[in-house]
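Q: Here's a structure for you.
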Amino acid sequence: MILALLIILPLAAGPLAWLTGRWSRSAPRWISLAAMALDLALAVALWIHGPMETSWGWIPQLGIGFTLSLDGLSILMVALTAFLGVIAVAASWKEIKDRVGFFHFNLMWTLAGITGVFLASDLLLFYFFWELMLVPMYFLFLWGQEKRSAAGMKFLIYTQSSGLLMLLAILVLYFMHAGATGVYTFDYAALLQTPAAGPAANMLMFGFFIAFAVKMGVPPFHGWLPDAYTHAPTAGTLLLAGLMAKTGAYGLLRFVLPLFPEQALQFAPMGMALGAAAILYGGLMAFSQTDLKRMVAYTSISHMGFVLLGIFAPTAQSQQGAVILMLGHGAATGALFVMAGALQERLGTRELGRMGGLWETAPRMGGTMLFLALALMGLPGTANFIGEFLVLVGAWRTSIPLATVAALGMILSVIYALWMIQRVFQGPNRENWKFPDFSLRETVAAAAMIGVVLWIGLYPKPISTAAGPVLDRTMPRADLSAQDEGGEP
Amino acid sequence: MAELLWLIPALPFAGFLALALLGSRMPRPLVATIGAGTVGLSALAAIAASLALAGSAGAEEGITRTLWTWISVGGFAPAVALRLDALSAVMTLVVTIVGFLILLYSTEFMAGDEGYSRFFCCMDLFVGAMLTLVLADDLLLLYLGWEGVGLSSYLLIGFWYKAEANVRAARKAFIVTRVGDTAFALGLALIATQLGTLRIQEVAERAPLFWGAGSGMAVAAAALMLGGALGKSAQLPLQTWLPDAMAGPTPVSALIHAATMVTAGVYLIARMHALFLLAPVVMGATAVIGAATLLMAGLSALTQSDLKRALAYSTISQVGYMFLALGVGAWSAAIFHFMTHAFFKSLLFLAAGAVSMRLRGEHDMFRMGGLRRALPGAFWAFVIGAASLSALPMVTAGFYSKEMILERVWSSPRGAGWLWAAGLIGALITALYAFRMVFLVFFGEKRQETEGRSGARVMFPLAALAALSIGGGFVPMSRGTWEAHALPLTLAASLASLLGIAGAWFLFHRRRGMTERLAGSPAGALLRRFWAGGWGFDQAYDALLVRPFVRLTRASREEFADPYSKGVARTAGALHHLLSRTVTGQLRWYAMAIAAGTILLIGMAVFL
Amino acid sequence: MTFRDLLPLLPLMLPALTAVAILLLLAFHRSHRLTAWLAAGGLAAALLLIPFACEGAPRRFGALLVVDGCALFYTGIIMAAALAVAAFSYGYLARRRGHVEEFYVLLLLATTGGAVLTASSHFATFFLGLEVLTVALYTLIAYERGAFGIEAGVKYLVLAAVSTAALLFGVALIYAELGTMEFSKIASLLDAGAPVSLLMPAGVALILVGVGFKLALTPFHLWAPDVYQGAPAPTAAFLSTVSKGAVFAAAMRYLVPLDLPSHRSLWLAVAALAVVSMLAGNLLALRQGNIRRVLAYSSIAHMGYLAAMLLTGSPLATAAAMFYLLAYFVTSLGAWGVIAALSEKEGDAERIEDYRGLAGRHPWLAGALTLMLLSLAGMPLTAGFISKFFLLTAGVEGRLWAPMAALLLGSAIGIFYYVRIIAMLFAPQEDAPPVRATHWAAGAAIGALVLLLIALGVYPAPVLAIIQSLIAASS
């Protein structure tokens, strides 16, 4: 029941916010904030408590259960969801002025869907939540920027059609399992017991993989991403980049590797190559952008490339790195999008060419952005460094050339991150911008995100302790050689 | 004391944090006190720790303190651990003491700047990062310090961020060193996967066990480390960032060139010497790079007109000596030279800063001259620094360290005569350009009036560093210089130095006109431009890397997936229109369609 | 024949009796309200009788009718749908001048025809039901919309006649071949290996033409957009639900026993119809600017999805089809209900542009329409999600790869035009006219449909259990 509460809280807060929004502008904000704060508190409590599982019947005729389970990996993601949920409410406090209630309804429901994705332990339930978050997310585009409707539509079509592929794969898996065991069930734990085999299994894996790759924005499945990230409202982009991209990575770890161990292992070099390509592509494109949000969007592609590389390496280090990078990216890149939103709110533009020299006017914003740029380039002390370095170590074990390519990405990241800082905050203030620096609300939000990035960067042990046992179960790995054992201090 | 080892880096970090969070609201004296004071305290802590280390029984072993396990994944567990041994003690002392003197100097030097607290904030971060680097017992922690140093240098080089050029210089510094850092990171990945640890001591123990001498892995690991060192230490071919780095305030240059940043590479190689010993090829490369760099940068220094730029090339050249020493396995000689270099180079920079402070920020040597009367303090400080840089025999610290390097290069089995010769020629060039600066700036006719007087906070660091530039050579490390067989070598080195100084007097003071004519001749001008421009490296990189990169990114600004998405949308749209044309609204057409469908369906049912 | 024997048949008869009663009444007294109440009462009574009728099922009435669980299920949803249509009609017709009472008579007659179709087990009843349904529809379509409606009615009349002719001819061919018009006998004769010539598949194909026309499967779909556009909104609701559902139920009863998978050519023909309908329907709707035409095209696609269920004939497929039809009824009625409610007062809300900013003007109607469209698109928490999932499950079970691929492709296209309308609903609009209340009957019907939509989408297990037990009892 407690697990369901994690989903019910935002699910209930949504309509409440919508209703109260008819009379008050601030009520939806406070309601949403309270719901997400409670969610966060609950998540932290559950983190301390440890794994748990709940199950109710849902559609027993087809072996579908309302099964939620929480393990180390999901709790991390759920906690991130609640955390970014709080930030998302805070970030849209001033930005959203019309139809506040409806906005928060969509925000809450998207978050509920995402939380559900991280908790579901029944494949159909997973798909249910997977699709559930799409429509409210699409509605969030209503409050977006210039090309919002086209961007939202692109997002919807890409994710929905790839999701259908996954549904098809789920169904085939279901019947394969039934054929092998005679038991018709969508239960994750049961399906794990009978790994898919044969040539069809490859197709199934691709069905899952494509859905997840689209969400992560892995080229060439990323066509929706730059526009969507750019034209969504701040909270929307935060959710897209900070959380939805993670649902893809989570799906790979939770489903693709454990359900199709052999096929995934065969596919691993290809997956790693895709990751490395994403790193380079995102890095190069980020540098050439003139729109701040779009630029950050491409850095996101690059970082998700690291995650993909880490997942498919597949070693204990690299997968841990991928998980840590997911969290770090969620906080740091999320914060960058909030930053971009705050700048746009003040300047009315996202064009880098029109910015410059803003440090003098807004040193607090400058300092924040500088820190985030450092996280972007994976400077030690930030969560991103731990993630990228572990991915690098793991990838090196599997493929030295690809690890080297990934390392090239680290050079690219410095180039674009510094370029970004230079164009926004340094140089002459050509247009004589003057605007208020971060308000208290914004400062607290930024500080919270920076705090998370630093915390994970300096003391990631709670993360690795939580995720480690889950990752070790994802698939058989041969990386714990004698040499490593000798490495224990 | 050992328990409090963490205080040494923590103090500057605390200063950094305090200034970062509250600095903008603090009064300036408080900023100065926190900025310089934390580093001063750190210096005291370092002295106390070093004394404790020297007094303890395990002085050879060093003290190690693990603060916490940083990461722990699948048997790979880098820790946040500090280690104080002879090597790191020397480094720590130099960094904290020289750093403190520079900061003290800055409290006055930067007095008029609006970014006062930001300056000290970054400087504290710089010192703290460097201390983390030298004290780290784990390569990953070392890497943290390593990157932290890069970051702070970036922030400080671009300190005056409103000028595009400064920012560009800062960015260049970060990116170029990051190229080296990436090699370093890859090296870490290699070591971590192969040896299963990043603890420096364990790496040193395991590397010989796991890898044979000259084995591919050892060579690769050492080469990647070397790559990192080259970037940070501005050695060929990654030296291009350092001359531009003088865009920052002068004390920053002093800190970058003397105590932090550029010496990180030297320290890294000295720290990892067990690994380098397994890779003779890499050591050879290190020596050759060092020799080539010292010659190349020396000649560049000789042709600069900007005082700070000349000093920058001088640093590249002197670090080249250190690399040469490292390449032949003369670890302690390299560190010794690092130490003396820290003293005299910071002295030179600070003295140069004192000069330009009095000349409204002038850096062009050709617009200076005859300043020895007007600025006696700066003059003597500069002369002492230059003398030490030129390795004026017997009396200067620089002489002992450089002589030691040359002697080792000659006598070491890894050394070679031609490397020694390069070093010797380099020594001559060093003396030549060092005193060229002296003569151009302080002698000859006066071209500008000075204004104001430097206060105690400027003069005291100069005096202290001058004393160290002289006396720093008499530390115990210089033992062994006076072995009998080395006498001819010593004489050669001394001669080179004296010859250089004399040559400088002749060319740049006595017969300055002749030199200028020579430099003005077509061949001379060409050579001069080539040397002064850093041997065309910038242009080459620009043409080979930067511009193609920019062109590539500009050309591919459009999303490659867009045409596909658009194509799908357009195809669907076209199909829609095509199909829409069948819905004509005409009954006969509809009936025809039904008839056709019927025929088709029957055909399918019957004939398929 | 006792009352108990008659009980299963009663739901089928009640609408007809009500129609007669209304006709009698109208001879003396015209009252829109009374007529509507009577019609609604008759339909509601029929609906309420169904659970009791189930107890007597299955029951055969000679060779002509078989009232089993499935038939009653279909009859039930047809009655419910007719009830909803009646509710929509009241407000819709109230604002129109002229004689509106006969509309309900025709509605009841058409419903009777549909109900008979679902229970038909013989081509005679099949044809009878079809004609009763169709003839009533001619008028319903042309009712009270002027020249536009008449054009639509005539189009439907002519084309339906053509297709019915084809169907009749097909029946004749089969009778010529096998000497029977009873569905079960046809199937058993074929099973027993009765020698058949090419006339047999040709006959089935001709029957498919008739069915395909009613379901508006491509290429027999061209009438749909024009008729949906021209007909009054409640009629369109009826047309897209009851008329299609009844024909599909009959087709199911006829075709499933034939065991299509064992007749390769017929299987291919049906598969082709299904696949082509899915793609053509969705593509035609893609950039359509008229919401009625969008719904027409969308229903073509949905009938294509549904037709794919004829291809396996497994119990799962039957259940999936029944559930899908139920969900489709709810959704389609809801959507048309909203259109009818809006047409009450704002002229005929047709162009998508007319719906701009509806969320600001009629939040509840806009919300309902949004949910309906999301359900059509197959989004979670709505019946559409679960029903599409069942459909896919059955499709995968039956290895219908090509139809399922077309379904996925169609869904991907579909999302575009459904969401385009939704986006229009929520687009900002400055000069919003004042809100006017919807008639309570329509409002209640829409509200009930919304609740049903969500209930089916959130917890479909009970309904699925009922459907499965009905299937189990019928076979």
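FYI, it's all coordinate maths here, none of it is from the lab. None of these values were measured; they are calculated from a predicted model. Quick reminder, even Gly has a Cβ in these numbers, built from the backbone with ideal geometry, and neighbours come from all protein chains shown.
Q: Checking the a/c ratio against 1.5 first, then a/b against b/c, what shape does the Cα gyration tensor give for the protein assembly as shown?
A: On the way: a/c = 3.08, a/b = 2.60, b/c = 1.18.
In terms of gyration-tensor shape, prolate.
Q: Let's test the formula: R0 of 22 Å, r as the Cβ-Cβ distance of B:GLU3 and A:TRP455. What FRET efficiency results, to the nearest 0.05? Intermediate results must be reported in sequence, preceding the final value.
A: Numbers: r = 25 Å, r/R0 = 1.13.
About 0.30, to the nearest 0.05.
Q: What is the sum of charges, Lys and Arg at +1 and Asp and Glu at -1, for the other residues whose Cβ falls under 14 Å from the Cβ of A:ALA200? Spell out each step's value before the answer.
A: Details: positive: C:ARG399; negative: A:GLU262.
Result for the local shell: 0.
Q: Along the Cα→Cβ direction, 7 angstrom out, place labels at A:VAL444 and B:MET514. What is the inter-label distance in nm?
A: 7.8 nm
Q: May I pose another question? Given a Förster distance of 35 angstrom, what is the FRET efficiency for B:GLN586 paired with C:GLU131, based on the Cβ-Cβ distance and rounded to 0.05? Don't skip to the answer; put the middle values down first.
A: Numbers: r = 26 Å, r/R0 = 0.74.
Computed FRET efficiency for B:GLN586 and C:GLU131 comes out at 0.85.
Q: Among A:LYS434, B:LYS232, which comes first, then next, by fewest other beta-carbon atoms within 10 Å?
A: A:LYS434, B:LYS232
Q: Let me ask something additional. Distance from a point 7 Å along Cα→Cβ of B:PHE474 to each backbone N in region B:377-409: keep the residues under 12 Å and list them by number.
A: B:395-397
Q: Of B:PRO9, C:PRO257, C:ALA216, which is farthest on the positive side of the dipole of the protein assembly as shown, counting Cα position, with +1 on Lys and Arg Cβ, -1 on Asp and Glu Cβ, and the Cα centre as origin?
A: Result: B:PRO9.
Q: Nearest 20 debye, what's the magnitude of the dipole of chain B about its Cα centre given +1 on Lys and Arg Cβ and -1 on Asp and Glu Cβ?
A: 1720 debye
Q: Excluding A:ILE386 itself, what net charge comes from residues whose Cβ is under 14 Å from its Cβ, given Lys and Arg +1 and Asp and Glu -1? Mind dumping the intermediate values first?
A: Details: positive: A:LYS461; negative: A:GLU388, B:ASP138, B:GLU147.
Net charge in that neighbourhood comes out at -2.
Q: Note down the net charge around B:HIS257, summing +1 for each Lys or Arg and -1 for each Asp or Glu among other residues with Cβ under 11 Å from its Cβ.
A: In short, +2.
Q: On to the next question. So, in Å, what gap is there between the alpha-carbon centers of region C:356-383 and region A:329-345?
A: 32 Å
Q: With a cut-off of 8 Å between alpha carbons and a minimum separation of six or more residues, what is the relative contact order of chain A in percent? Write out the running numbers ahead of the final one.
A: Details: 884 pairs, mean separation 69.9, N = 489.
Dividing the mean separation by the residue count of chain A yields 14 percent.
Q: Note down the nm distance, to one decimal, between modelled labels 7 Å out along Cα→Cβ at B:MET394 and at B:LEU67.
A: Rounded to a tenth, the inter-label distance reads 4.8 nm.
Q: What length, rounded to one decimal in nm, is gained on full extension from B:TRP418 through to B:LEU51, with 0.36 nm per residue of separation minus their alpha-carbon distance?
A: Values: separation 367, 0.36 × 367 = 132.12 nm, distance 4.06 nm.
Working it through step by step, the gained length comes to 128.1 nm.
Q: What's the exposure ranking of C:TYR138, A:TYR229, B:TYR541, going from fewest to most Cβ atoms within 10 Å?
A: Numbers: C:TYR138 19, A:TYR229 28, B:TYR541 16.
Fewest-to-most Cβ neighbours within 10 Å comes out as B:TYR541, C:TYR138, A:TYR229.
Q: Run down the lysines and flag those whose C-alpha is under 19 Å from the C-alpha of B:LYS162, throwing out any fewer than 8 positions away in its chain.
A: Straight-distance partners of B:LYS162: A:LYS434, B:LYS172.
Q: With only Lys, Arg, Asp and Glu charged, each at its Cβ (+1 for the first two, -1 for the last two), find how big the charge dipole of region C:1-126 is about the Cα centre; round to the nearest 20 debye.
A: So the dipole magnitude of region C:1-126 works out to roughly 380 debye.
Q: In region A:1-79, which chymotrypsin sites (Phe, Trp or Tyr not before Pro) fall in coil by DSSP and have 11 or fewer other Cβ atoms within 10 Å? Can you show the working numbers first?
A: Working: sites: A:TRP18, A:TRP23, A:TRP30, A:TRP47, A:TRP56, A:TRP58, A:PHE66; in loops: A:TRP23.
Qualifying residues, ordered by number: A:TRP23.
Q: For chain A, what does the alpha-carbon gyration tensor say about shape, rounded, prolate or oblate, given a ≥ b ≥ c as the root eigenvalues, a/c under 1.5 as rounded, and a/b over b/c as prolate? Provide the component values of the computation, followed by the final result.
A: On the way: a/c = 1.72, a/b = 1.25, b/c = 1.38.
Oblate is the answer for chain A, as a/c is 1.5 or above yet b/c matches or exceeds a/b.
Q: Straight-line reach from C:LYS388: which lysines have a Cα under 26 Å away, not including same-chain ones fewer than 8 places off?
A: A:LYS154, A:LYS215, C:LYS214, C:LYS244
Q: What percent do you get for the relative contact order of chain C when only Cα pairs under 8 Å and 6+ apart count? Walk me through the intermediate numbers first.
A: On the way: 811 pairs, mean separation 74.9, N = 475.
Normalised by residue count, the contact order of chain C is 16 percent.
Q: Test of understanding: ordering B:ARG528, C:ARG293, B:ARG65 by Cβ neighbours within 10 Å, fewest first, what list do you get?
A: Details: B:ARG528 19, C:ARG293 22, B:ARG65 16.
Result, fewest neighbours first: B:ARG65, B:ARG528, C:ARG293.
Q: Would you work out the charge dipole size for region A:1-259 about its Cα centre, treating the Cβ of every Lys and Arg as +1 and the Cβ of every Asp and Glu as -1, and quote it to the nearest 20 debye?
A: Charge dipole of region A:1-259: 720 debye, to the nearest 20.
Q: Still on this structure, I have one more. In terms of the Cα gyration tensor, with a ≥ b ≥ c the square roots of its eigenvalues, is region A:267-477 rounded because a/c is under 1.5, prolate because a/b exceeds b/c, or oblate?
A: On the way: a/c = 2.85, a/b = 1.74, b/c = 1.63.
It comes out prolate by the Cα gyration axes.
Q: When you count, for each residue, the other Cβ atoms within 10 Å and take the mean per peptide, how do A:79-86, B:504-511, B:580-587 rank with the highest first?
A: Going by the mean number of other Cβ atoms within 10 Å, highest first, we get A:79-86, B:504-511, B:580-587.
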